[in-house]
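First the structure, in the form of structure tokens, and then the observations on it.
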Amino acid sequence: MTITETRPGAVSAASIAQPQAARETVFSTGDHKQLGRLLLVVGLLSIAVGCVLAALYQSPVGAERATAWTDGGSSRISSAAVTATFVIGLPAVWLGLLAVVVPLQLGATRASLPRLQATAVWGFITGALVVAAAYVFDRPIGPHLGSSLPLVTGEGERANDVTLLLLAGLMLITISTALAAVSLLVTVLTQRAEGMTLLRMPVLSWTALAGSTVLLLSAGAFFSGLFLTYLDRRYGGELFGQRGGFRVWQHQMWQLGRPEAFLYAALGIGAFCDVVATHSRRPLVAFPVARGLAIATVFATLLAWAANTSALSSPVAPLGTPAQGLIAIPAGLTVLVWLASLRRGVKLHPSLLFAAGFILLLALPGLVAGAAALVGVEGEGAESMRNGQITVLMLGAPLLAAAGALAHWTPKVWGGRTSPVSLLQLLLLLGGIVLLAAPAYAIGFGMDDDIAIAGSLGALLVAAGVAASLLPALGARKAGAGRSDDDDQGEYRGLTLEWATPTPPPAHNFDVIPPIRSAHPLHDERNTQGVPA
Amino acid sequence: MAVPLALPSAGGTAPADRRSAFPLAVVAIGLALTTLTAGLVAAYLTLRSGAAEWPPEDASRDTYTAVTLAVTMILGMVTIEWAAFSIRRRERGQSLAAMAITLGFAIAFINGLYYLITQIEAGVGDSAYFTVVHALLVVPFLAGLLALIFVLVTLVRNAGHQLSEANYWLMRGTANFWHIAAVMYIAAYYTIFITK
């Protein structure tokens, strides 16, 4: 039996929250769901723009090269594509998704420090606009974050205004990312419902806790690189021309030399743990082990700081050093836990197909590296293959994981059922990513450069797939106008607390919080009531 | 089964969780500031290992001021903890005195560090050494400025009877931030003036 308790002599949570919600606009809201959705939309749009730019770069009117992500020069298009996709898009999508879902999983009525969260979101958006303006107005002279080598300027040579504008925008984005991570971390530690101990948190919430810690550590180091680069460019220094300067670039600026390179794919591992458990309708096999492995995968991304350019001549790059290769171990073991859990039966859902695509993308670089080792790929061929690996692991895996997580949590994020369009979206994303990486792989195996045009088509497919993620947002319903809890549980029969709230969730998140005695409170409740799980 | 539901506050007082959220948020920000400082120190050491001449001949270092600033920050760590302790013991007069002394230390630190930065006779872009030294000193300067604002706000709220042993979170967060700013400066000082 569930009893709702109201505060003596006070009105209910709903009646307090609803008038506040009515007064709030998107500019003044402190609601974690609205702020998270805002970040999601910005992130998805940014990735779509980045992929269109990548398609342009790889087309005959552009440079017609195998990839836009690692160009060593200072092309405005490839630089903008890298920034839009990796620095703005992926962080915004994942932070937005976690901002919406994690407080619901914890039974929190709101996020901790909502004004800090709002500052982070609006700071991020402002930074993204500043960066976009820098690229629109003129060509920034470096820095191309996808390049492993910094642009070395002559003594006394100062950067143009848009370069400084770009760096200022990137610094604002980095500060905002750190603040968003602080809000997430503090929410997990202080806003959990009564009974929701740390060990009872779902795997996604655990990976959010670990991920926000990694993001804070990484943001500080990235900011130090940005600040040094700003001072160097602003005052005409020669920092990167010094011996050792390129190492500073590699570990503090280069996209592949920082934990963010793998962090978002690692968060995908945590998200799919909950997806698999929900649709297999039982807790994961060896749940504590799965939780430990997912957390280990997130913290293992810190090993990305061990990257160096000597690894780039290897066809197995970006996991080109033994230390970085360790990331694959907990990730691979977590996948085995999923497969073991699914053996007991499953209710098919589009998000599970995304999980299958995600596993495929995690396995693909290993298969290609094995083939390259057999054939004996080396030199320029190996470098080209590395570009394919980067496309699959750094763009494909985290993007597909985010799209799968969005498909799974559509009722809580956008307020409707998972759209059948999500299957088309899966095909677009998976096909696009494989097509985008294929030219780099093919050139690595000795084919002509002419195949680069196929990558252009792949990038367009990915952009279309990302744009399709925004379709549910167009049909999003207002809080309070949704279905009952039973409808959700009919589709999902979820195990964790986010499925105990109406769809879409009201401003105060929960009217009633079920008793929490384990990491799967709804599963416990159903079993207690004698309903088969 | 009865489960108490945490209702949002109707206004007036801060929600109970905020008391522990703010100091925790400051510690989390401290994580990022630690790696920010560590990144700058790492850049300094990496560039030093590759340079033929480090520091350059024309680099002048005002060690006396730098040491004084380090001592100032350490003394501030003591006085701000004194203030926090006094609030918890309901010794309002002592806490106000300790906060006022800490505010004095904060102003002295900002003033002294600004002087130290202006005493670097070379320009920011004159060599990699000067670029990274400026960065190492400007970052603690900004952190010190934030600490000064925190101390000022806490002092004003304490003077206005808004802090007590039950409403202690602002004081604890301010003290945490002071410690972080102090560690940032001491790391920069050690790197530039001790390891050289």
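Read-outs throughout are calculated quantities, based only on the coordinates presented, and are distinct from any laboratory measurement. None of the values given here were measured: they were computed from a predicted structure. Cβ coordinates were reconstructed from backbone atoms using ideal geometry, including for glycine residues, and neighbour counts include every protein chain displayed.
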For a footprinting-style exposure proxy, rank A:TYR441, B:TYR189 by other Cβ within 10 Å, fewest first. B:TYR189, A:TYR441
Count the lysine pairs in the protein assembly as shown whose Cα atoms sit under 26 Å apart, keeping only pairs 8 or more residues apart in sequence or on different chains. 4
Towards the positive end of the charge dipole of the protein assembly as shown, with charges on Cβ (+1 Lys, Arg; -1 Asp, Glu), say which of B:ALA38, A:VAL368, A:ALA68 has the farthest Cα. B:ALA38
With +1 at each Lys and Arg Cβ and -1 at each Asp and Glu Cβ, the charge dipole magnitude of the stretch B:12-97 around its Cα centre, to the nearest 20 debye, comes out at 700 debye
How far is helix B:128-159 tilted off the main Cα axis of chain B, in degrees rounded to 10, range 0 to 90? 20 degrees
Contact order normalised by residue count of chain B, Cα under 8 Å, 6+ apart, percent: 36 percent
How much net charge surrounds B:TYR190 when only other residues with a Cβ under 14 Å from its Cβ are counted (Lys, Arg +1; Asp, Glu -1)? +3
Going from the fewest other Cβ atoms within 10 Å to the most, one would list A:CYS51, A:CYS273 as A:CYS273, A:CYS51
Environment charge of B:SER49, counting only residues whose C-beta is closer than 15 Å and scoring Lys/Arg +1, Asp/Glu -1: +3
Answer rounded, prolate or oblate for the protein assembly as shown, using the Cα gyration tensor with square roots of eigenvalues a ≥ b ≥ c: rounded when a/c is under 1.5, else prolate when a/b is larger than b/c, else oblate. oblate
Partner shielding of A:208-219, taken as the mean number of other chain Cβ atoms within 10 Å, equals 2
How are the Cα pair distances of the stretch B:90-196 distributed, in percent, across 10 Å bins from 0? 14, 40, 25, 15, 6, 0
Of B:ALA52, A:ILE451, B:GLY144, which is farthest along the charge dipole of the protein assembly as shown in the positive direction, counting Lys and Arg as +1 and Asp and Glu as -1 at C-beta? B:GLY144
Prolate/oblate/rounded call for chain B, Cα gyration tensor, a/c under 1.5 rounded: prolate
Can you compute the charge dipole magnitude of the protein assembly as shown about its Cα centre, using +1 on each Lys and Arg Cβ and -1 on each Asp and Glu Cβ, nothing else charged? Give it in debye, rounded to the nearest 20. 2080 debye
As I understand it, the value is the acute angle between the Cα axis of helix B:18-50 and the longest principal axis of the Cα atoms of chain B; what does it come to in degrees, rounded to 10? 10 degrees
Relative exposure of B:TYR64, B:TYR129, judged by other C-beta atoms within 10 Å (fewest first): B:TYR64, B:TYR129
Among residues other than A:LEU97 whose Cβ falls under 13 Å from its Cβ, what is the net charge (Lys/Arg +1, Asp/Glu -1)? +1
For helix B:169-189, report the angle its Cα long axis makes with the longest principal axis of the Cα atoms of chain B; keep it between 0 and 90° and round to the nearest 10°. 10 degrees
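Contact order normalised by length for the stretch A:183-294, with contacts defined as Cα pairs under 8 Å and 6 or more residues apart; what percent is it?
In percent, rounded to a whole number, it is 31.
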Sparse-neighbourhood loop hits (trypsin sites (Lys or Arg not before Pro), the stretch B:77-171; DSSP loop; Cβ within 10 Å at most 14 others) -> B:ARG89, B:ARG90
Quick one: which residues, 5 or more positions from A:THR503 or on another chain, have an amide H under 5 Å from its amide H? H modelled 1.01 Å from N in the peptide plane, none for Pro or chain starts. A:ARG483
Long-range amide H partners of A:SER59 with built H, under 5 Å: A:GLU64
Report, in deg cm²/dmol and to the nearest 500, the calculated mean residue ellipticity at 222 nm for the protein assembly as shown, where each DSSP H run with n ≥ 4 adds -39500 (n - 2.57) and the sum is divided by the residue count. -21500 deg cm²/dmol
Dipole of the stretch A:221-278, positive direction: furthest Cα of A:PHE222, A:LEU267, A:ALA277, with charges on the beta-carbon: A:PHE222
